[in-house]
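Encoded as structure tokens, the structure appears first; notes follow it.
The values are calculated or read from the model by the stated rules, or taken from the named source; none is laboratory data. Bear in mind that the values here come from a model prediction, so they are computed numbers and not experimental data. Backbone-built Cβ (ideal geometry, glycine too); neighbour counts: all protein chains shown. Accessible surface areas use protein heavy atoms only, side chains included; no ligands, DNA or RNA. Shrake-Rupley method; radii C 1.70, N 1.55, O 1.52, S 1.80 Å.
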Amino acid sequence: MSHFSKQDELVSNDTLHTAMSQLIAAQVSRRKLLAGGAALSASGLFAGLAMPEAEAAQVVAPQAKRLGFQSVPFSTEDKVVVPEGYSAEVLYAWGDPIGVKGRQPAFKPDGSNTAEEQALQAGMHHDGMHFFPLPMGSSGSKHGLLAINHEYLDPGLLTGDGNKQMTEEKYKKALAAVGVSVVEVARQKDGSWQVVRPSRYARRVHGETPIALSGPAAGHALLQTEADPSGKLVLGTLQNCANGWTPWGTYLTCEENFDTVFCDFSQKSDHDFNKTRYGVPDEEKTYKWNEVDFRWDRQLNRNEINRFGWVVEIDPYEPNAQPKKRTALGRFKHEGATPAIAKDGRLVIYMGDDQRFEYIYKFVSAKAWNAKNRKANRDLLDEGTLYVATFNEDGTGEWRELIHGQRGLTAERGFASQAEVLIKTRLAADVVGATKMDRCEWIAVNPQRQGECYATLTNNSQRGAEGKPGVDAANPRKNNLFGHIMHWVENGEDAAASGFKWDIYAMAGRPDAAAEEHRNARAMGDAFGSPDGLYLDHNGILWIETDISTSTLNQKEYAGMGNNAMLASIPATGEIKRFLTGPAGCEITGISFTPDHRTLFINIQHPGEPGNEITDPAKPRAISSWPDGDKGGRPRSATVVIRKNDGGVIGL
């Protein structure tokens with residue numbers, strides 16, 4: 001998800017490496033779907049994982065042939081709408097206590113909670129998340145931990161009077177409102193879910209949590225600051241967008257729009273990669289953290305920004321374990337970190353860079369993961385190879401390694417070491433000639449078929465514009481306002497392969513659009529646009545969440561399409577149905593199932609957000625009062641539990 005759209009305009013990938021051959025959109029429609037089908041075997045997502053028999057049975061579940069619910073219509077109502085026979089209940093909203101024993105401050109609807117209280121509560125703007133069963137290593141579906149991202153904040157909601165006048169207390173509260181929550185949850189006898197309080201697992205990782213930098217870039221001069229001359233310990237994680245997880249039960253949270261909290265009034269230089277390729281603005285007037293703390297002002301602290309833009313590993317089962325920023329996975333605006341297991345047991349992590357004309361990556365660990373010894377995997381993500389994708393016109397693709405000394409990644413090109421390749425990942429991808437994509441969001445891996453992936457390309461209004469890259473095979477629409485979904489299968493159905501075959505699964509849009517490039521290309525599907533969240537479940541249902549900008553929501557080319565939504569699709573048939581719609585001004589995000597697929601957790605992010613993305617503190621309920629209604633003082637992002645009323649499997 002890319003927020004603060006005006007900031008997004010400041011950077012674009014204008015590198016001049018060899019472009020893909022041009023291909024008109026009509027050519028894409030003639031592509032045949034890749035041959036395949038679900039291989040129901042242990043070569044799936046976590047092949048080799050020592051799973052209980054019950055969970056192993058779920059991995060080889062029969063694939064759905066049709067969706068078992070009626071589509072919900074477009075909606076502009078200020079509520080969550082689900083199909084008949086389903087229920088949706090709020091579980092964990094901004095400001096709810098996480099459950100630390102003896103320290104459980106209640107949410108104050110007027111925004112007057114202190115920074116200290118906020119650090120013990122749910123953060124703002126819930127995003128990616130994952131359910132971890134309890135006890136650890138089980139396939140339990142009634143009790144577990146939820147790790148939840150809190151991507152960013154709305155200063156107009158966070159405090160009673162916004163941040164027109166910035167103070168130390170407001171700054172501290174802002175840092176406490178971002179990051180990650182870990183909460184314990186349990187299903188009750190009536191089927192409903194509750195946060196367990198108190199809980200020994202309850203934890204917040206936020207903007208002031210000490211986090212280790214690990215891997216090849218740790219300790220490099222570009223990561224050293226006056227406060228941390230070692231370059232190995234950073235305070236905080238923020239702008240945590242989508243997520244991932246590991247087969248040994250740790251959580252991966254992804255730092256995306258980290259540039260938006262920094263400022264740099266110094267003159268733009270071709271040698272300053274953070275300004276030319278990561279988009280650091282001259283001024284920062286949304287958060288205003290630099291007015292209180294010089295670490296966010298690059299004129300005074302040049303390297304602090306290099307300590308953000310990483311994938312962070314957190315152990316939800318060990319609340320005292322220090323989180324680690326895994327530098328081997330590269331530094332860019334990470335959207336997600338989706339895992340797969342290669343045929344030889346190595347861990348593969350797929351990642352998108354969510355900005356116009358950026359890239360798709362994967363990381364392959366150097367060693368196989370150990371299913372019998374959890375501690376042996378503790379630093380598995382510190383060694384391996386980072387690759388970036390090229391999509392060729394003929395439907396083939398290549399993963400190009402980003403290794404110092406290879407493919408032009410030399411000191412003469414600005415990469416003195418592997419550490420610099422990783423710190424300047426975007427520049428390295430430019431050099432090797434990766435394909436510029438239309439904002440890659442989430443990547444979903446087929447748990448039933450090794451090496452099969454789907455990826456959302458949310459939109460790119462600048463594709464084909466004057467002075468910008470034109471259309472190509474993988475990004476075939478100019479002014480791509482509605483986005484599309486990519487699909488590929490790795491060669492040999494091995495996630496660690498160096499090549500793949502790809503096609504386009506769906507072109508989002510609407511059938512009545514005036515412009516051909518805005519029409520959807522799925523005959524059996526409900527209309528949708530700006531696909532973002534994505535997950536392929538064990539039953540063969542592809543879940544799609546939308547993030548239409550609030551400046552566009554239900555207006556302009558999206559007029560009449562209502563609020564953001566969640567859809568379900570069956571790749572085998574192409575069927576797409578609208579499963580859920582959210583309240584006014586929100587984004588639908590976060591997808592996680594219990595192992596039995598009878599409970600679905602999703603997140604409602606920024607309900608009530610206005611078109612300029614900053615709420616007027618004098619009118620916090622101008623657009624939405626969800627979820628508290630008239631009794632609430634302001635809208636709150638929240639985790640929602642979705643269940644089938646008869647206790648059945650979601651979607652079937």
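In terms of the mean number of neighbouring beta-carbon atoms within 10 Å, the peptides 150-161, 436-447 order highest first as 436-447, 150-161. Of the options 429, 218, 622, report the single residue whose Cα projects farthest towards the positive end of the charge dipole of the chain (beta-carbon charges: Lys, Arg +1; Asp, Glu -1). Sorting the options by dipole projection puts first 218. The residues of the chain expose, per residue, 35 Å² of accessible area to a 1.4 Å probe. Between residue 91 and 639, 640, 641, the built amide H atoms are under 5 Å apart, and every one of these is 5 or more places off in sequence or on another chain. For segment 161-280, a simple Cβ point-charge model (Lys and Arg +1, Asp and Glu -1, everything else neutral) yields a dipole of about 560 debye relative to the Cα centre. Placing unit charges on the Cβ atoms only, positive for Lys and Arg and negative for Asp and Glu, gives segment 56-153 a dipole magnitude near 500 debye about its Cα centre. Taking Lys and Arg as +1 and Asp and Glu as -1, the other residues whose beta-carbon sits under 10 Å from that of residue 564 total -4.
Entry note, segment 113-185: relative contact order of 42 percent, from Cα contacts under 8 Å with a spacing of 6+ residues. Over the chain, dividing the summed -39,500 (n - 2.57) contributions of all DSSP H runs of at least 4 residues by the number of residues returns a 222 nm mean residue ellipticity of -1500 deg cm²/dmol. Positive contributions from Lys and Arg (+1) and negative ones from Asp and Glu (-1), summed over other residues with Cβ under 15 Å from the Cβ of residue 227, come out at -1. Whole-Hz Karplus values for segment 398-405 come out as 9, 9, 9, 6, 10, 10, 4, x Hz, taken residue by residue from phi with 6.51 cos²θ - 1.76 cosθ + 1.60 and θ = phi - 60°; glycine and proline positions read x. Applying a DSSP loop filter and a limit of 11 other Cβ atoms within 10 Å to the trypsin sites (Lys or Arg not before Pro) in segment 203-257 leaves nothing. With an 8 Å cut-off on Cα pairs and a minimum separation of 6 or more residues, tell me the relative contact order of segment 57-156 in percent. Once divided by the residue count of segment 57-156, the mean separation gives 18 percent.
Projecting the Cα atoms of 123, 599, 81 onto the charge dipole of the chain, computed from C-beta unit charges around the Cα centre, puts 599 farthest toward the positive end.
Here the chain is treated with +1 on each Lys and Arg Cβ and -1 on each Asp and Glu Cβ, and its dipole about the Cα centre works out to around 1080 debye. Solvent-accessible area assigned to carbon and sulfur over segment 102-202 amounts to 51 percent, based on a 1.4 Å probe. Amide hydrogen proximity for residue 360: with H placed 1.01 Å from N in the peptide plane, the residues at 5 or more positions away or on another chain lying under 5 Å are 389.
Taking amide hydrogens as placed 1.01 Å from N in the peptide plane, the amide H of residue 536 sits under 5 Å from those of 445, 543, each at least 5 positions away in sequence or on another chain. Along segment 255-265 the Karplus relation, 6.51 cos²θ - 1.76 cosθ + 1.60 evaluated at θ = phi - 60°, assigns HN-Hα couplings of 7, 9, 7, 5, 5, 5, 9, 9, 9, 7, 7 Hz to successive residues, with x for each Gly and Pro.
DSSP beta bridges confined to the chain are antiparallel in about 95 percent of cases. Report the net charge of residues surrounding residue 379, where surrounding means a beta-carbon distance below 13 angstrom and charges are Lys +1, Arg +1, Asp -1, Glu -1. Cβ neighbours under 13 Å give a net charge of +3. Just the protein heavy atoms count here, and of the accessible area of segment 506-652 at 1.4 Å, carbon and sulfur take up 48 percent.
Projected label points at residue 186 and residue 165, each 7 Å from Cα along the beta carbon direction, are separated by 4.7 nanometres.
Each residue of segment 463-479 is assigned a 3J(HN,Hα), and the resulting list reads 4, x, 6, 4, x, 10, x, x, 5, 9, 4, 8, 9, x, 10, 6, 6 Hz, derived from the Karplus form 6.51 cos²θ - 1.76 cosθ + 1.60 (θ = phi - 60°), x at Gly and Pro.
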